[in-house]
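Structure record follows, encoded as structure tokens.
Any read-out appearing in this document is the output of simple, stated calculations on the displayed coordinates, not a laboratory observation. Since we're looking at a predicted model, the values are computed, not measured. No Cβ is skipped: glycine too gets one built from the backbone with ideal geometry, and neighbour counts run over all protein chains shown.
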Amino acid sequence: MVPFNILVAVCLAYVCLLFLVAFAAERRAERGRGGWLRSPIVYTLSLSIYCTAWTFYGAVGYAARSGLEFLTIYLGPTLVLIGWWVLLRKLVRIGRSQRVTSIADLISSRYGKSNLIGVIVTVIAVVAATPYIALQLQSVTLSFGVFASGTPEGWALPDQGATALWVAGGLTLFTILFGTRNLDADERHHGVVMAIALEAVVKLVALVAVGIFVVWGVADGWADVAARTRASPIADWPLQPGRWIGLTFVSAAAILTLPRMFQVMVVENSDERHLATASWAFPLYLMLMSLFVVPIAVVGLSTLPEGANPDLFVLTLPLAEGQGKLAMLAFLGGFSSATSMVIVAAIALATMVSNHVVTPLWLSLREGGARAPGDVRGLVLMSRRVSIAAILALGYIYYSLSGGSAALASIGLIAFVGVAQILPAMLGGIFWRGATGVGAAVGLTTGFLVWLYSLYLPSFGPDGLLSAELVATGPWGIGWLRPRALFGVDGLDPLLHALFWSLSLNAGSFIAVSLVTFPGPVERMQGLAFVNAFDHDPGARGWSRGGAEAEDLLIMAQGILGAEEAQGFFQSEAEAQGKAGFLPDTTPDFIEKLERRLAGAVGAATAHAMIAQFAVGAAVSAQDLMAVASEAQQILEYSTQLEAKSEELARTARQLQEANEKLKDLSVQKDAFLSQISHELRTPMTSIRAFSEILGDPDLPAEMQKKYASVIHDETIRLTRLLDDLLDLSVLENRKVQLNVKVANLHDLIGRAVQAASSTRAQRSFAIHRDMPSEHIPVITDADRLVQVFINLVSNARKYCDADRPELTISARRRGGRIIVDFVDNGSGIPKEAQRLIFEKFARLTDTAQAGGAGLGLAICREIMANLGGTIAYLPGQGGAAFRVSVPVRLEAQLEPEAAE
Amino acid sequence: MGRRVLLIEDEPHIAEAIRFLLTRDGWTVASHGDGSDAMDVIRREVPDVLVLDVKLPGRSGYDILGELRADPTLAALPVLVLSARSRQEDRDMAAEIGASHFMTKPFGNAEIVAALRQMAQT
């Protein structure tokens, strides 16, 4: 008989030993000499956290209750590990290349870093793990009870709940101390892995020792055990193929999706090749663990009194035989199973809760986000610790609510089916590029809800959250919604029923929604990286931190910082380390400094990715590449902006030059114009001055006086008209004309023009041909201005038409929204080279005597037509001089008059 | 006896005024209103003095003056250039090409008569 106090003392001593091992391993890892810490055997042993107290104690109970079915729990993982090449290798590869920190991180990372999916997976994992952790509390509590009472039936301690609370508290403390001593960027816990490897050895040794004792100490060897087996109810248990297949499948799924298994298998993995060893070593471990399960169950059933809890045979058999030390070893084995599971599960879950729930929430609640790096670090550590405590508290609450009565194995299976809901999203994510985040979220949620409803909630029993009535008849009496007979599928084993519906609805909705939704860019890229995880060989990056690497770093740094600066930096660093030359030791400290230096030049993400190319085992993740791309994008945008700026400058300079040319032209034109005006003004003034002086001569004959007075009069009028024209032109050119728009008949307007032009200088015979009927077109315009243009054209024809019998033909017609009026005479027309000049100011072609004007007439006509929204143009090839006036039928008042050509 | 002046001027009223003034002063006045055939007229008329307008239809007065100075038989002919421009550059340009006298429009009647008298004496 072992006194309770000694038991507690042994437990504490054992925990201290674990701490010591963990601490030592951590120290070794920090010094960079992992060595045997990273051996494949340690890796394989760490996988043994699959075997929890449920397996250690519960397998025997399972065998006692259901025969060989317990083997399915080992069969699933065995199949997965034997087939590691297919699935595990890819998971580990992705986990390493993407620097995955948890299964929630893996799934959310695959689906475009969606935090929603991270949260969903975290919730599923926490909810599913809660009964599992409760199970460990229960087993440790029960085993304490067995020791305290010394009876196979169990309990003698005054308060079972208080013991469970102590156990939960102790485990919380233990886990926090183990798992959150510091924060590793890669989420690896060398110390923890080492400790659980030790625990794996302890539980295997304990179970095998108990088995050997039972077979050869209690029974008389294998023959006796075989005989007892045939006599026991275990032999009578029929094999149920459905349950066998279902349980094998669900345990295979569980080893992939259980957060703690993912933690040790993928996150803590330091070398992909360890999987090859684990693929045979871990099934061997499982085989050894299961070897004595049936003998212990059979012997227990036949030797221990009726009613003894078969879940505790491993303990009670040695106790009953008076083997206190063996019982103590068995107890330590069970204790190891429970603690290793709780520690790793709590660490894995806390990582997920803190990374996907607490930190994002806290950062979004806090305006401005994290201010200093230390900020986040403290926050993360704190949130991890709180999460661990919360997860264990949840486990304790579940334990209290469920009354600690349910058989161990069934609780474990409920958890298995729960985490199996992650499987479709995981497999789809690494094998199917078409899988989308929306599909994954819908599938996960659907599976989770069905699992909750059909398996988890009913597991609390008739007094739990679902009433017995609801379970029997369905909610609101709807038969096909009964939790244990969904869609009318009745009579199936409840576990299989829940497994079937939750997973098929999960996978079905996942695939269906994925097919109809489209992945975002990050998602597509991640999908590619996941599905084609083997396209990049990580072996090529296998650099070790030696002298050769410093050279490579220097070459790289020179490429970025320039030779002088890079060499200076390396030299000063080498000097600081007490070394001569350019090559310092590539300590983490130095590499960090270099990265910061490079970050200043190329951006943090790029610098990190570059350093990672040379650093041990570090890989460049898709996220890194995205960040690099975004930096490059920014640089590109910046240079594009610069380019645009310089282009703009060049354009501005060109515009300025053009404007300058234009101003020069204008200045020349202005000079020419003023010179023209000066000439045009001086000419009549010369005559006026000369003749007025002549008129001062008293001897001048009267007829001469009269003649010269009339010359003065004519020249004065000419002067006045010139000034009028100049002012008119100026106003027209500036488009400041006050237009008097009204309805008029074109016929009347042409008539007015012909009459006005004919009233002066009627010396010559001049015929005007018109087609009166076609002239009757209503027009809305400034009639007086239009008439002014007509007068100019008619009088020009009168003045310049050089035919013997001068004739002018005026024809009008409407074309679309415009009126076309042509003025064609029968003279020799205007020479080709002069045609483009005639509308310019002072472009008088013939001598002044004949013209009697300053050569502004057509320029004024052009400006008038522009003001009226019309045009005036010379029509070449018409025989004589021909002008075409085009004017809109209706002049829109607001319409900006179109520029005249 | 009578001094001969040839007037190349396209403005009829100005030409008429000058003809009146010079005739009254005893000159024999011939006039022509176009630039293009002015050289032919000058060679035919061979005046003692030439009054040349700058802005002429057909050909510029300066152009005519240039050709005239290049012709040895006409190089010494006194030429009074009439211009509507009054700036110093215009005067300088006229002098450079070979104008004997430069007069801006409008001019005083006594002024032009005196100028022509002086030109005829030298």
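Ordering A:412-419, A:722-729, A:883-890, A:551-558 by mean Cβ neighbour count within 10 Å, with the highest value first, yields A:412-419, A:883-890, A:551-558, A:722-729. Under 1.5 on a/c is rounded, so check that first for the stretch A:90-135, then, if it is not, pick prolate when a/b is larger than b/c and oblate when it is not; a ≥ b ≥ c are the square roots of the alpha carbon gyration tensor eigenvalues. Taking the square roots of the gyration eigenvalues as a ≥ b ≥ c, the stretch A:90-135 is oblate.
When the square roots of the Cα gyration tensor eigenvalues are ordered a ≥ b ≥ c, the ratio a/c for the stretch A:689-780 is 1.5 or more and a/b does not exceed b/c, which makes its shape oblate.
In this simple spin-label model, placing a label point 7 Å from the Cα along the Cα-to-Cβ direction at both A:ALA226 and A:LEU739 gives a separation of 11.9 nm.
Put in order of Cβ neighbour count within 10 Å, fewest first, the listed residues A:SER114, A:SER48, A:SER646 become A:SER646, A:SER114, A:SER48.
As a length-normalised measure over Cα pairs under 8 Å and 6 or more apart, the relative contact order of the stretch A:738-888 settles at 23 percent. Per-residue Cβ neighbour counts within 10 Å put A:CYS11, A:CYS51 in the sequence A:CYS11, A:CYS51, beginning with the fewest. Neighbouring Cβ atoms from other chains, within 10 Å of the Cβ of residues in B:8-18, number 6 on average. In terms of overall dimensions, the stretch A:170-322 has a Cα radius of gyration and Dmax of 19.4, 57 angstrom.
Counting other Cβ atoms within 10 Å as a rough exposure proxy, the listed residues A:THR130, A:THR248, A:THR436 run A:THR248, A:THR130, A:THR436 from fewest neighbours to most. Put simply, the amide H of B:PHE102, placed in the peptide plane, has neighbours under 5 Å in B:VAL81, leaving out anything fewer than 5 places away on its chain.
Per residue of peptide B:101-110, the mean number of Cβ atoms on other chains within 10 Å of the residue Cβ is 4.
In a DSSP loop and with at most 16 other Cβ atoms within 10 Å, there are no chymotrypsin sites (Phe, Trp or Tyr not before Pro) in the stretch A:752-816.
In terms of the mean number of neighbouring beta-carbon atoms within 10 Å, the peptides A:422-435, A:74-87 order highest first as A:422-435, A:74-87. Which of A:SER774, A:VAL824, A:ASN740 sits farthest toward the positive end of the charge dipole of the stretch A:676-830, with +1 on the Cβ of Lys and Arg and -1 on the Cβ of Asp and Glu? Highest projection toward the positive end goes to A:SER774. Checked against a 30 Å cut-off, the cross-linked pairs A:LYS706/B:LYS105; A:LYS670/B:LYS105; A:LYS736/A:LYS841 all give Cα-Cα distances at or below that limit. Apply the a/c threshold of 1.5 to the C-alpha gyration tensor of chain B and tell me whether it is rounded, prolate or oblate. Here chain B falls in the rounded category. Placing +1 on each Lys and Arg Cβ and -1 on each Asp and Glu Cβ, with no other charges, gives the stretch A:627-709 a dipole about its Cα centre of roughly 340 debye. Considering only A:ILE688, A:ASN660, A:TYR638, and ranking their Cα positions along the charge dipole of the stretch A:627-709 that arises from unit charges at the beta-carbon of Lys, Arg, Asp and Glu, the one farthest toward the positive end is A:ILE688.
Normalised by the number of residues in the stretch A:638-787, the mean separation of alpha-carbon contacts (under 8 Å, six or more apart) gives a relative contact order of 21 percent.
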